[in-house]
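Participant: Got a structure for you, written out below as structure tokens; questions coming shortly.
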Amino acid sequence: MPTQAHVASIDSLDAFRARLIVFIEKALVAADDVLDDVSRTRGWLQHDQRVRWEAELRKRSKALENARQELLTARLANLRDAPTDKVMAVARAKRAFDEAQEKLGLLKKWNRQYDQEVGPLAKQVEKLRFFLATDLKRAASSLGQSVRTLEAYSERGGFSGTADSAPRTESSPAAVPGAEPAENP
């Protein structure tokens, strides 16, 4: 295991740390957006769409019943051309009612399957969010501490922080503070 490290530029480490922090913040926003979308979609399916299609089913059921009543009235009145258009109106109303029933059935199916389908994926996003918020933030903090340590070492005359001026021996790059010197072969 190497006991020395070659630090070419403290500024590069600091720039990497700054980019890492920006990445973490953007990734956290993206993960939060995904989790919010999952929650909003669940609410949309369970409440908004359910209420809409239940109301639509009631409305279309009344329209079908009205069309059937008109057909029955026309047949009882024994009108010659009235039953044909009334039969077509009943058929249209029946198709609309069946469509609403089918959509409500699909909606109930999606509600049952939503958590099974989306839940595992949402858990992965939650794990990613936790990793970003804890481990990567800790890594950025550690990088900041490393930069401060290297800057302090540089100020004491250990090295200047650039590849051209870092003190070296023939067999090893610049030493890290506290590390044991490398053995020459």
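The values are calculated or read from the model by the stated rules, or taken from the named source; none is laboratory data. Nothing here was measured: the structure is a model prediction, and the numbers come from that model. Cβ placement follows ideal geometry from the backbone for every residue including glycine, while neighbour counts extend to all protein chains displayed.
Conditions (1) out of contact with any Phe, Trp or Tyr (no Cβ under 7 Å at 6 or more places or on another chain); (2) at pLDDT below 90; (3) assigned to a loop (DSSP other than H, G, I, E, B); (4) exposed (fewer than 14 other Cβ atoms within 10 Å of the Cβ), marked per residue:
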site	(1), (2), (3), (4)
A67	yes, no, no, no
G119	yes, no, no, yes
A133	yes, no, no, no
L150	yes, yes, no, no
G178	yes, yes, yes, yes
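Participant: Give all pairs with beta carbons closer than 7 Å in which a residue from region 9-38 that is of a type in the set (S, T, Y) meets a residue that is at pLDDT below 95 and surrounded by 16 or more Cβ atoms within 10 Å (Cβ to Cβ); count only pairs at least 6 apart in sequence or on separate chains.
Facilitator: Every condition considered, the pairs that remain are S9/G161.
Participant: Still on this model: Regarding Q145, is this residue modelled with pLDDT of 95 or more, exposed (fewer than 13 other Cβ atoms within 10 Å of the Cβ) and over 30 Å from R60 (Cβ atoms)?
Facilitator: No, not satisfied.
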